[in-house]
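Right, one structure below, let's go through it.
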Amino acid sequence: MIYKSASDWRNAPQKRVLFFAMSGLGKTYLSKMLRETGDWFHYSIDYRIGTRYMGEKIADNAKREAMKVPFLRDLLRSNSIYIGSNISFDDLKPMSSYLGKPGDPALGGLEWDEYTRRQDEFQDAEVAALLDTGHFIDRSVALYQYPHFVCDTGGSICEWVDADDPNDPVLSELASKTLMVWIKGTEAHTAELIRRFDQEPKPMSYDPAFLLATWQAYLAEFNVAPDRVNPDDFIRWAFAKALAHRQPRYQAMADKWGITVPQHAVENVKDTEGFVSMIADALEMRG
């Protein structure tokens with residue numbers, strides 16, 4: 001790790017951290033808090049994906065839907081209107097809408113082949129965005145003169161890496177540039193995430209092998225044809241399984257490549273001093 005001890009961390013003139021965890025555990029809360037101090041450059045992986053790597057695909061998807069409406073089709077073909085993605089740090093819905101959900105087209109579902117094609121696109125985009133971290137660290141100093149850097153990753157980072165491989169290209173790059181910090185939730189947090197997701201299911205990205213096995217298990221358990229699947233029902237059913245699937249992957253990443261902070265500690269952080277102390281405590285516990 002780039003900081004060997006709590007004192008190394010506290011005394012570092014340039015502090016560089018990367019958060020990973022399931023959505024809803026505080027990654028973006030901490031990143032925004034640090035950004036708003038004016039001393040931290042905030043690099044959002046999801047924002048980078050939605051602008052640099054998938055922006056055109058997202059906009060084209062919206063145009064494709066608009067072309068189904070005669071009034072809008074005529075305006076688009078004559079360049080009378082503009083359709084684009086208004087993605088932001090706080091609103092990533094355009095990217096979620098592009099990823100979509102598999103199932104019955106009449107219920108807004110995508111055919112399986114199209115759904116998995118978009119999943120593959122997202123995987124490529126996320127890996128590329130993660131590997132851009134070093135570039136943005138350099139850019140944040142050379143261009144904007146920020147002393148500190150925070151990277152806010154998406155929940156699916158664990159799907160594309162092998163924490164047990166000491167030469168994993170993504171983890172090797174990230175750990176050489178940042179202190180990787182896992183925000184670990186409790187069983188109560190997991191239950192709350194499931195409750196929230198049940199109320200507002202949203203598209204996610206998964207490891208292809210896990211996704212295929214989960215899809216096949218759903219079709220078998222409910223004895224339903226792929227084109228008759230209720231898209232929201234499937235992703236609700238898959239979400240709890242995804243949490244269980246990801247937890248040991250996050251744990252391995254933290255054990256071998258970074259540190260762990262409990263989610264309740266994140267809730268207690270109100271300022272930079274509290275954040276620095278939380279990370280120092282985690283480094284001391286790791287030894």
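Quick look at the numbers
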read-out: Residue-span extension gain [L219 to E65] - 0.36 nm each, minus C-alpha spacing; value: 52.6 nm
read-out: Rounded to the nearest 20 debye, dipole of segment 76-234 from Cβ charges on Lys, Arg, Asp, Glu; value: 580 debye
read-out: Spin-label pair Y29/D162, simplified geometry with 7 Å Cα→Cβ offset, distance in nm; value: 3.6 nm
read-out: Entries of K32/K63; K177/K256; K27/K63; K27/K93; K32/K270 with Cα pairs more than 22 Å apart; value: K32/K63; K27/K63
read-out: Sequence-separation-based contact order of segment 203-287, relative, with Cα cut under 8 Å and 6+ spacing, percent; value: 20 percent
read-out: Structure-derived Cα extents along the principal axes in Å - corresponding label in (1) 61, 34, 34; (2) 62, 49, 35; (3) 49, 45, 32; value: (2)
read-out: Centroid-to-centroid separation of segment 27-103 and segment 119-135 [C-alpha atoms, Å]; value: 16 Å
read-out: Accessible area (Å², per residue) of the chain, counting only protein heavy atoms and a probe of 1.4 Å; value: 50 Å²
read-out: Estimated [θ] at 222 nm from DSSP helical runs (n ≥ 4, -39500 (n - 2.57)) normalised by residues in the chain, nearest 500; value: -17000 deg cm²/dmol
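The values are calculated or read from the model by the stated rules, or taken from the named source; none is laboratory data. Because the structure is predicted, anything quoted here is derived from the model rather than measured. Here the Cβ is made from the backbone with ideal geometry for all residues, glycine too, and neighbour counts use every protein chain on show. Only protein heavy atoms, including side chains, enter the accessible area calculation; ligands, DNA and RNA are left aside. Shrake-Rupley method; radii C 1.70, N 1.55, O 1.52, S 1.80 Å.
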